[in-house]
Amino acid sequence: MVLLDYIPKNTFFHKLNTISKLVWLITVIVLAFLFNSIMYISIIFVFTLICLGVSRIPLDKIVQYFRILLLPLVFIVGYEALTYPNGRVVVALPYGINVSLDGILLGLTFAFRLLVMVFTSTIFTYTTPYNRVITLLFKLRIPYPIIFILLIALRYIPLLQRELTIIIDAQKSRGVELEKFHSLKQVLKMYIPVMMVVLINGLRRSQQLAMALTIRGFNPKTKWKPIDEECMKLQDYLFITLMMTILIIGVYLYIQGYGSRLW
Amino acid sequence: MECREATNSTLKENGEAIRIVNFTYKYPGAKEPALKNINLVVHEGEVLAIMGPNGAGKTTLCYAITGLLLHFFGGEYYGDIYVKGKSVFNTRLEELITDIGIVFQEYENQIIGSTVKDDVSFGPLNLGLSRDEVEVRVREALKAVNLLGFEHREVHTLSGGEKQRLAIAGVLAVKPKIIVLDEPFSQLDHKGRLEVISILEKLKRIGHTIILTEHRSEEVCKLADRVIVLYKGRVVLNGSTREVFSKINLLKRYGVKPLQVTELALNIACRVGAPIERLPIDTDEVVDFIIKLVNNGILKFASRKLKPHYTHYPKTERSTIIEVQNLHYTYPNGVKALNGVNLKVYEGEFLAIIGQNGSGKTTLIKHFNGLLKPTHGVVKVFGIDTRKCTVAQLSRIVGLVFQNPDYQLFTKSVRDEIVFSLKNMDLPRSEIESRVSKVLELTELKGYENVHPLLLSKSERQKLALASIIAMDPKIIVVDEPTTGQDYKGTLHILELLKKLNQQGKTIIIVTHDLNIVLKYAHRVVILHQGRIVLDGPPRDVFSKVSMLEKLALIPPQVVLVSYKLSRLLRKNNTSLTLEEVLNTLLDYRV
């Protein structure tokens with residue numbers, strides 16, 4: 001659960017107001033989508049990498065995400081390289097298949113765009129504690145029942161994860177070979193009992209939860225407000241101004257036709 | 001204790017917090033009422049303990065008092081329950097919550113926020129209070145449960161005791177004057193229990209009325225002004241704590257564990273024919289009682305060489321079946337659970353692993369069947385390195401039973417549950433049949449073959465979890481906390497079963513907080529502390545180191561404490577472990 005990935009540190013991004021961070025996130029992603037040019041995208045990508053450094057996200061987390069994304073990235077670049085129509089040919093393969101330079105460039109643009117999105121949202125979640133996100137949702141006037149569902153989900157996900165581990169451990173201890181390779185059918189057959197246990201315990205818990213909510217005065221119609229308030233500081237105003245300026249310049253350049261060509 | 005009894009009379013002058021009048025309740029679809037004709041008055045400022053075996057109706061009574069019962073379960077009722085003069089059946093729940101709050105047995109389920117402050121502020125925010133007022137209430141509630149400074153901690157990083165205290169704080173923040181706690185100690189270690197006891201004492205001092213259900217007699221005696229015993233839905237005993245605990249035979253009949261100190265005092269009084277005005281209910285009282293008899297020349301304390309506690313301890317050359325060498329384990333989140341454990345488990349022994357929560361007990365036993373593989377060091381089972389085989393392979397040699405049976409039962413019937421393990425072993429059908437019937441017989445679950453596991457009682461479910469492991473016929477059976485949530489009789493059943501298996505040649509390893517059962521059943525005790533073994537030896541050696549145990553927050557059974565205190569007072573050097581031993585050393589040289 002990404003919202004639970006917050007790591008407390010004392011960096012510039014940690015100190016920023018959530019709204020400032022949201023503005024930054026939107027600016028970077030919008031810019032990444034506006035331009036097609038590999039040069040422009042590379043600049044945005046480098047900027048994202050700098051932000052990653054500033055926010056001191058642990059390297060192993062970045063490597064972990066990168067590893068998950070590697071296959072889709074290679075696929076995107078490869079697919080575009082082979083299917084780009086009428087591009088400049090780099091290598092001609094048999095059966096009329098050509099590897100095109102334009103295709104590679106387009107593929108790289110897509111790849112960088114994906115990485116920018118993943119890394120910026122990583123920075124957002126790693127530097128923002130979940131209650132700040134809740135406060136943000138409240139400020140964005142999201143209705144309380146929805147915020148409440150999120151609150152409960154956040155509370156219960158670690159619990160469910162722990163439960164799932166216990167159940168799977170119990171299954172393994174009863175001789176179920178979970179470590180071996182299985183067909184999808186076998187996997188499903190093995191996980192059905194696990195899910196049943198989770199479900200039954202979940203139902204029992206939900207009844208207790210309903211009682212717990214009652215004794216603590218829960219009412220979906222209450223005018224709920226978060227307990228912590230976040231204030232905007234000078235650096236937030238400056239940062240938002242900077243981001244808005246960059247965004248406006250970006251949009252202006254886009255309208256003028258800059259960065260629309262691949263190279 | 002005297003001051004507590006003095007307060008009893010003044011309590012009666014206080015107002016009534018709760019009055020239950022001829023209350024009978026039946027769950028929807030049930031044949032028998034769960035509560036029968038209950039009449040009870042709880043005074044303001046009183047601490048009332050509700051005791052009784054599992055299924056006696058304790059939790060139902062808690063839900064009834066708090067008004068949750070009809071609202072959430074429906075069913076039929078007669079009679080009435082008044083909280084501060086208001087009938088719970090004619091009052092809206094929103095109005096009741098500022099009078100009475102409840103902490104559930106599974107307290108984790110009632111924590112709603114992901115951080116401590118979020119959780120405690122949930123109630124006050126729902127009441128529509130201003131932010132400043134909410135802050136004040138959060139601070140007050142956290143102060144009451146000694147959690148100030150924990151505001152921004154995430155709930156899943158708290159220990160069991162801390163979570164229990166957080167659940168109490170969440171209820172306190174709504175400011176009810178009456179607090180109901182359903183088995184508050186069942187999932188805590190000794191340290192956690194002491195913390196919660198001191199908090200409840202504090203709440204009592206500031207005028208709260210406290211009602212708690214509990215199996216643990218020692219804790220009840222520390223806290224309660226009055227005890228009622230429920231049995232099959234009826235109140236069978238009702239009186240001051242001392243009155244109720246002096247009725248040892250009745251307590252046993254109703255499945256409540258009597259206090260060792262009371263039994264000891266009663267035994268001594270009978271044997272020497274000394275009159276006894278007030279039966280002692282804690283260790284200091286019984287020590288005073290004995291010292292008085294010694295000083296009056298009625299008793300003499302004898303210094304005798306005590307025999308080893310266990311005569312049937314395997315004496316022959318034993319082979320090592322589990323060997324743990326310099327085991328370190330670090331969880332993926334960086335928590336170091338084990339820091340260099342060295343241990344040999346011998347064939348045929350009954351080993352108990354004890355230690356506080358978080359000392360690494362469960363982590364250690366999960367290495368025995370390969371669920372966890374060492375970060376550093378080696379674990380060998382019958383000479384095989386656990387890193388070189390799967391859990392499924394090891395599960396045929398090492399059977400591991402987990403703490404909560406609810407996570408281990410997957411199937412639709414008791415029979416299927418046992419067959420489940422056997423099917424994984426690819427056994428022929430005839431072999432499966434014979435094993436199932438053998439195991440059903442052994443665990444006394446015969447006749448329940450087609451019952452759904454969820455319909456069994458807690459102790460039967462625990463037995464079934466054990467049965468499904470026994471069926472696999474492993475040489476080693478490891479059981480994590482076999483007694484959590486079990487009542488007195490349930491605990492005895494399970495331990496007797498393990499003893500029987502041990503006598504049949506199985507090696508038994510248990511992890512437990514209950515030192516009484518360690519003393520009664522184990523051949524050898526290993527104490528873990530901060531991921532290391534700090535003591536390892538037969539119960540007599542380990543339990544005689546009382547001051548060391550206390551440092552590790554492990555409190556030995558009452559009899560051991562009494563014997564320890566006596567031997568220090570009388571400058572004799574031996575610690576008796578059982579009631580019989582204490583009696584022997586005391587009565588040997590009767591004047």
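Points to keep in mind about this one:
- Annotation: the residues B:Asp282, A:Asp169, A:Asp5, sorted from fewest to most other C-beta atoms within 10 Å of their own C-beta, follow the order A:Asp5, B:Asp282, A:Asp169.
- Gaussian network model of chain A, springs between alpha carbon atoms under 10 Å - residue of A:Leu140, A:Leu154, A:Leu199 with greatest fluctuation: A:Leu199
- Structure-based [θ]222 nm, the protein assembly as shown - -39500 (n - 2.57) summed over DSSP H runs of at least 4, per residue, nearest 500: -15500 deg cm²/dmol
- For B:Leu70, neighbours were defined as the other residues whose beta-carbon sits under 14 Å from its Cβ, and their charges (Lys and Arg +1, Asp and Glu -1) total 0.
- Prolate/oblate/rounded call for chain A, Cα gyration tensor, a/c under 1.5 rounded: oblate
- Spacing of the two label points (7 Å from each Cα toward its C-beta) at B:Arg318 and A:Leu199, in nm: 4.6
- Tensor-based shape of region A:142-215 (alpha-carbon gyration tensor, a/c under 1.5 rounded, otherwise prolate or oblate): prolate
- Relative to the longest principal axis of the Cα atoms of chain A, helix A:130-139 runs at roughly 80 degrees.
- Choice from A:Leu160, A:Leu114, A:Leu203 showing the highest fluctuation, given a GNM over chain A with Cα pairs closer than 10 Å: A:Leu203
- Modelled spin-label separation between B:Asn22 and A:Ser206, with each label point placed 7 Å from Cα along the Cα-to-Cβ direction: 4.0 nm.
- Shown is the FRET efficiency for A:Ile97 and A:Met117, computed with R0 = 35 Å from the Cβ-Cβ distance and rounded to the nearest 0.05: 0.70.
- Cβ-Cβ FRET estimate between A:Lys185 and B:Glu580, R0 fixed at 51 Å, reported to 0.05: 0.25
- Each Lys and Arg contributes +1 and each Asp and Glu -1, all at the Cβ; summed about the Cα centre of region B:388-479, the dipole is approximately 200 debye.
- Proxy reagent accessibility, fewest Cβ within 10 Å first, across B:Cys270, B:Cys62: B:Cys270, B:Cys62
- Panel order for A:Trp224, A:Trp24, by other beta carbons found within 10 Å of each beta carbon, from fewest to most: A:Trp224, A:Trp24.
- Anisotropy class of region B:62-198 from Cα gyration tensor, a/c 1.5 cut: oblate
- Relative to the Cα centre, the charge distribution of region A:142-215, modelled as +1 at Lys and Arg Cβ and -1 at Asp and Glu Cβ, gives a dipole magnitude of about 120 debye.
- Label separation (B:Leu266 vs A:Arg261): 10.0 nm, computed from points 7 Å beyond Cα along the C-beta direction.
- Highest-fluctuation residue, A:Ala170, A:Ala153, A:Ala111 considered, GNM on chain A with Cα pairs under 10 Å: A:Ala170
- Once the Cβ-Cβ distance of B:Ser430 and B:Val378 is raised to the sixth power relative to R0 = 41 Å, the FRET efficiency obtained is 0.55.
Each reported figure results from applying straightforward, stated rules to the coordinates on display, with no laboratory input. Quick caveat, the model's predicted, so the values are computed rather than measured. Virtual Cβ from ideal backbone geometry, glycine too; neighbours counted across all protein chains shown.
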